[in-house]
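For reference, the structure discussed in these notes is given below.
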Amino acid sequence: PVWNIMGPFGIIGAIILLVVMILVTTGEITKVPFDIAEAETEIAEGVFVEYSGRNLGLFYLADAVKTVVMASLIVALFFPYNLSTYLGSSIHLPSIAWNAIDFLFYLLKLEIVIFFSMTFIRVSVARFKVDQVVKVYWGYLTLAALIALVLIALDILL
C-alpha cells in the first residue's frame with residue numbers, strides 16, 4: 001500500500017495523490033463540479049434526452065457502478081487495511097466472522113470515500129465552466145500529481 005512509504009516526502013506525496021484521486025473521481029463519474037456534458041442542456045436532462053425506460057435505467061446503473069469502482073480503487077490503493085489483521089490475535093472469532101467484519105469495514109471505507117469524493121465536493125464547489133475544468137484537470141491536478149510522484153521518488157531514493 002501507499003502508506004508503507006516511511007519517509008516524510010513519501011507521506012506528503014501520498015496525501016497529495018489521495019486528494020488528486022478524490023478530485024479526479026468526481027470528474028470521472030461526471031458529478032457536480034465537473035458535469036459539463038449535462039450542464040449544456042440542463043432542462044432536457046443533457047445527453048440522456050433520447051433515452052427512457054430500461055435504456056435510461058442502464059445508464060444510471062452504469063453511473064452507479066462506475067462510482068463504486070472508482071471508490072473501490074481509492075480504498076484498494078490508499079486504505080487496504082483490514083480489522084482482522086490488527087484485532088485477530090486478541091479477539092478469537094471464526095474466520096467466517098472475521099471475513100464478514102472485514103467486508104463491513106470495507107463497505108464503511110467505501111462509504112467514507114464516496115462521501116468525500118461526491119457529496120462533500122458537490123456541496124462545497126459550484127459547477128465549473130469548460131475552461132475552468134480544463135485548467136483544473138490539465139493544470140493544477142496534473143501538476144500536483146507530478147509533484148507528488150517526484151516526492152515519492154525522492155523518498156525512495158533517499
Just to verify a number: what accessible area does residue 69 come out at with the full protein assembly present, 1.4 Å probe, Å² rounded to tens? 90
Under the rule rounded for a/c under 1.5, else prolate if a/b exceeds b/c, else oblate, using alpha carbon gyration tensor axes a ≥ b ≥ c, segment 59-158 is classed as oblate
Burial-style ranking of 9-20, 90-101, average other-beta-carbon count within 10 Å with highest first, yields 9-20, 90-101
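The values are calculated or read from the model by the stated rules, or taken from the named source; none is laboratory data. Being a predicted model, the structure only gives us computed values, none of them experimental. No Cβ is skipped: glycine too gets one built from the backbone with ideal geometry, and neighbour counts run over all protein chains shown. With ligands, DNA and RNA removed, areas are computed over all heavy atoms of the protein, side chains included. Shrake-Rupley method; radii C 1.70, N 1.55, O 1.52, S 1.80 Å.
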